[in-house]
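The values are calculated or read from the model by the stated rules, or taken from the named source; none is laboratory data. Values in this document were obtained by computation on a predicted structure and should not be read as measured data. Cβ atoms come from the backbone with ideal geometry, glycine included; neighbour counts cover every protein chain shown.
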Amino acid sequence: MDDLKRITILHSNDIHGKFTGETGEDGKLRGSMAQVAGLVAQTKKDNPNTIYCIAGDVFQGSLIDSDYQGLSTIDILNLIDIDVMSLGNHELDYGISHMLFAGRYANFEVINANFIIKSNRKHLFKPYYMADIDGVIVLFIGLLTETIIDQTRAEGLVGRYVTVADAKDEIRRTYSVLEQKGRKADVVVLLTHNGWDADLELAGSLEEELDVDIIIGGHSHTYIDEPVVENGILVLQCGSDNTHIGKLEFLYNKATDTVEDFSWEMIPVDEDHCPADKYVTAMINTYEYEINMKYSKLVTTLKRPLDNYGRGNTTEVGQLFTDVFADALDLDVMCLAASSIRCYSLDADVTLEALREAYPYDGKIYCLEMSGEQLRRAIMYMLRPEVLEEWQETFFHFSKRLKIDFDFDSKELKVEFDGIPLEDDRILEVGMQEYYLVNSETGFGIRPDELIAGEDGVMIASPDAFLTLQDYLSEHDHLGGKADNRCIIRGDVGGFALDVKSGRRKKGMLEK
């Protein structure tokens, strides 16, 4: 029996600043980071052979996080018995150098093996973490999605010096370093932030000699009913926003060097399963009090509550925000990424806190001249299946003077501006977020240099997008309303189809 060791790995991903939790209709608290802390502590007490890991994206998603640029998040997490966390894309929202500081501030290891400096291939973060669990050496290797390069382009000079290396090359490199140090792992875990499909693809491509046992991932916010074994590798993910914690238990047989007899479950983060830690509760309450004092004021009152469901269709909040930016900045067209609106809905009474959580970005908005041909080409690229069917790539909201009518089946696209068909040589002043200007090839299929078309090049329409939104809404009441038909998408699109009355797509209702 000494050869058999029972090991528990608890795992979270994509917490996104969700620390306070929510109280349901039954009066019970759910999703609090204090409850996570309590579960981790209780599990480690019951089985000392327990590790708790996080597969990236603890930053961005609440004012407690964004108002302190993630340092409040590290403060809270430092009170929890976390062993290791992999770098997620949102950990770089406040800049590479800021995250390097935050990583040093953390009491736990923040790892990544494949986000490296181009010229000398040095790692920016420690690439791996090794834990000795009752004589069993468990190796965690951190891996990050390649799309992070789109984000680092907006960092200017520093962003040009980094790249994402091939995952398999960095796994081999880690093994080589450990071999030189005379160290060897018994169990290998890839702690990734790539997305579910990418993790399955990675698992399927790993050669047997790489000897990977488990992939614990994040990024796609995927809930699974049961683990998937791909190419002999156990692949796991656990949703998002602190709703659940994954719990993997397995026996490691030292005699045969194998992982066997595993079980896995998703544990709800609620009062029935997770005792709340009083110290974490106190720290969260302190930050929440400070945020409430600063952000409780009313910004505006809308006509009614607005919804923002879905990243592959037009929404009421998306239409409101694009119209506000277009009017406030005197633009012909405002183009706003759906993924930058971080809420599912807005209440009619919009507090500064709700607005900040809905749009947490301070970045610049640029004004550039685009021809009708360029704009039509960009819209056509946006309406590809990866956006409309899979909701994996970026959908863009447009302000009301532009009308889009697209038939997904025939690929026929009609675009009007001010009710007139948009001609190829018509020049429009288009507003665009800085991130999507520098990554226009990814979002629109157009190189950035193509978009700098005017005599004066690109102009800064607003140096602070959030302040523009806040100032305009504070001066205008009773805005918003039902989504109009400025963006009509016809045909069968992945089980969605057009609701002719609203111009929006709904699941399970196919237009004939």
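Against the criterion of being over 28 Å from L92 (Cα atoms) and free of Cβ contacts under 8 Å to residues at least 40 places away in the same chain, E373 does not qualify. So, I15, is that one surrounded by 24 or more Cβ atoms within 10 Å (Cβ to Cβ), at pLDDT 95 or above, aliphatic (A, V, I, L, M) and farther than 18 Å from E288 by Cβ or not? Taking the combined requirement at face value, the residue does not satisfy it. For segment 40-63, filtered to residues that are modelled with pLDDT of 95 or more and buried (at least 24 other Cβ atoms within 10 Å of the Cβ), the residue that is farthest from T8 (Cα to Cα) is F59. In segment 220-285, counting only strands (runs of 3 or more DSSP E) that sit wholly within it, the ones holding 1 or more residues that are basic (K, R) and under 22 Å from V36 (Cβ atoms) span 244-253.
Restricting attention to segment 344-362 and to residues that are over 14 Å from L473 (Cβ atoms) and surrounded by fewer than 18 Cβ atoms within 10 Å (Cβ to Cβ), the residue that is modelled with the highest pLDDT turns out to be S345.
Only one residue in F417, F444 is within 20 Å of M380 (Cα to Cα), in contact (Cβ under 8 Å) with a residue 24 or more places away in the chain and buried (at least 20 other Cβ atoms within 10 Å of the Cβ), so which one is that? None of the other options fit; the residue is F444. When only residues in segment 424-441 that are outside any helix (DSSP H, G or I) and within 23 Å of the chain's Cα centre (by Cα) count, which is surrounded by the most Cβ atoms within 10 Å (Cβ to Cβ)? Here the answer is M432. Give the number of residues within segment 390-414 that are in contact with a Cys (Cβ under 7 Å, 6 or more places away or on another chain) and either of a type in the set (V, I, T) or surrounded by fewer than 17 Cβ atoms within 10 Å (Cβ to Cβ) (or both). Matching residues across segment 390-414 total 1. Can you say whether L191 is in contact (Cβ under 8 Å) with a residue 24 or more places away in the chain and touching a Cys at 6+ places or on another chain (Cβ under 7 Å), as far as the supplied structure shows? Yes, satisfied.
Would you mind finding the one in I9, I54 that is out of contact with any Gly (no Cβ under 6 Å at 6 or more places or on another chain), aliphatic (A, V, I, L, M), closer than 16 Å to A106 by Cα and assigned by TED's automatic domain parsing to the domain that holds A276? Just a single option satisfies the conditions, and that option is I54.
Listed here are the residues, each with its yes/no results for (1) modelled with pLDDT under 95; (2) farther than 18 Å from E207 by Cβ; (3) surrounded by 12 or more Cβ atoms within 10 Å (Cβ to Cβ); (4) touching a helix residue (DSSP H, G or I) at 6+ places or on another chain (Cβ under 9 Å).
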residue	(1), (2), (3), (4)
D150	yes, yes, yes, yes
R153	yes, yes, yes, yes
R160	yes, yes, no, yes
T174	no, no, yes, no
L178	no, no, yes, no
V189	no, no, yes, no
